[in-house]
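Student: Please read through the structure below; I'll follow up with questions.
The values are calculated or read from the model by the stated rules, or taken from the named source; none is laboratory data. These figures come from a predicted structure and were not determined experimentally. Because the Cβ atoms are built from the backbone with ideal geometry, glycine has one as well, and the counts that use them run over all protein chains shown. Side chains are part of the model used for accessible areas, which takes the heavy atoms of the whole protein and leaves out ligands, DNA and RNA. Shrake-Rupley method; radii C 1.70, N 1.55, O 1.52, S 1.80 Å.
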Amino acid sequence: MNTLINGPDGHPRCRWCASAPEFLAYHDTEWGFPVADDHRLFEKICLEGFQSGLSWRTILAKRENFRAAFCGFDFDKVARFTGRDVERLLQDPGIVRHRGKIEAVIHNAARAQELVATHGSLASFFWRHEPDAGQLGEPQTASTSEASIALSKALKKLGWKFVGPTTVFAFMQAMGLVNDHATGCVIRPKAERARGAFRRPAR
């Protein structure tokens, strides 16, 4: 299976980034680059939960609306949301109006606070689950991994919701815990250099 396509500059890229105009910048500047900021990590795992059953294009197009609706995914603020906030969000046409997923974000915000209290930061907890390079298969040939299954189980044990192995694998791909850019993609070495220079959070 050919996982590459030439981008507008003539350089090969992951084929998926050509499936929607807004994917190119996301692919080139975000996907696969390591992240240590707790709010960004919380945002991404929440948005991956919202994506369940939908396309990433739908979520990406609404990302700014999600950020506005959930206070920039500041989990200390989101954890204080009440049932009134849930009803307000269910009337917000700028986001995905799914009660279970909205309530899961609020629930997970409280779990994030607990995790930070125990582990110091979300980043230190998530990056503890970065897989060894030897555990990884060929890029973009799997939707789960041993590491994503382990992280999913760890989060569920802590009470998190909408964090199945596939959701967690997509989160790990996007946040740079793995470099899943296709072999030959012009961005793959850039993401790898960023991962090499990245200072892993204290564990």
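Student: Computed over the Cα atoms, what is the radius of gyration of segment 12-143 divided by 2.2 N^0.38 Å, N being its residue count?
Tutor: After normalising by residue count via 2.2 N^0.38 Å, the value is 1.14.
Student: Report the net charge of residues surrounding Met172, where surrounding means a beta-carbon distance below 9 angstrom and charges are Lys +1, Arg +1, Asp -1, Glu -1.
Tutor: Summing Lys and Arg as +1 and Asp and Glu as -1 gives -2.
Student: Tally Lys and Arg at +1 and Asp and Glu at -1 over the other residues with C-beta under 15 Å from the C-beta of Lys190: what net charge comes out?
Tutor: Net local charge, Lys190 excluded: -1.
Student: With unit charges on the beta carbon (Lys/Arg positive, Asp/Glu negative), name the residue among Ser145, Pro201, Met172 whose Cα is farthest towards the positive pole of the charge dipole of segment 101-203.
Tutor: Pro201
Student: Which helices pass in the chain if a helix is a full DSSP H run, must span at least 24 angstrom along its long axis by Cα, and must have mean Kyte-Doolittle hydropathy not below -0.5?
Tutor: 99-119
Student: As I understand it, the dipole of segment 74-137 uses +1 on the Cβ of Lys and Arg and -1 on the Cβ of Asp and Glu, about the Cα centre. Which of Leu136, Val105, Pro93 lies farthest toward its positive end?
Tutor: Pro93
Student: For the chain, what relative contact order do you get, as a whole percent, if you take Cα pairs closer than 8 Å and at least 6 residues apart?
Tutor: 31 percent
Student: Cys71: net charge of surrounding residues, Cβ under 12 Å, Lys/Arg +1, Asp/Glu -1, itself excluded?
Tutor: Around Cys71, the surrounding residues sum to -1.
Student: What residues qualify as long-range amide H neighbours of Arg13, i.e. H under 5 Å apart, gap of 5 or more or another chain, H built at 1.01 Å from N?
Tutor: It is Ile5, Asn6, Gly7, Val186, by chain and number.
Student: About the Cα centre of the chain, what is the dipole size in debye to 20, counting +1 per Lys and Arg Cβ and -1 per Asp and Glu Cβ, all else neutral?
Tutor: 320 debye
Student: Now a separate question. Counting only protein heavy atoms and a 1.4 Å probe, tell me what percentage of segment 88-203's accessible area is made up of carbon and sulfur.
Tutor: It is 52 percent, rounded to a whole number.
Student: Report the accessible area of Glu114, computed with a 1.4 Å probe over the heavy atoms of all protein chains in place, in Å² rounded to the nearest 10.
Tutor: Counting only protein heavy atoms, Glu114 exposes about 90 Å² to solvent.
Student: Per residue, how much accessible area does the chain show when a 1.4 Å probe rolls over the protein heavy atoms, in square angstrom?
Tutor: With all protein chains present, the chain gives 48 Å² per residue.
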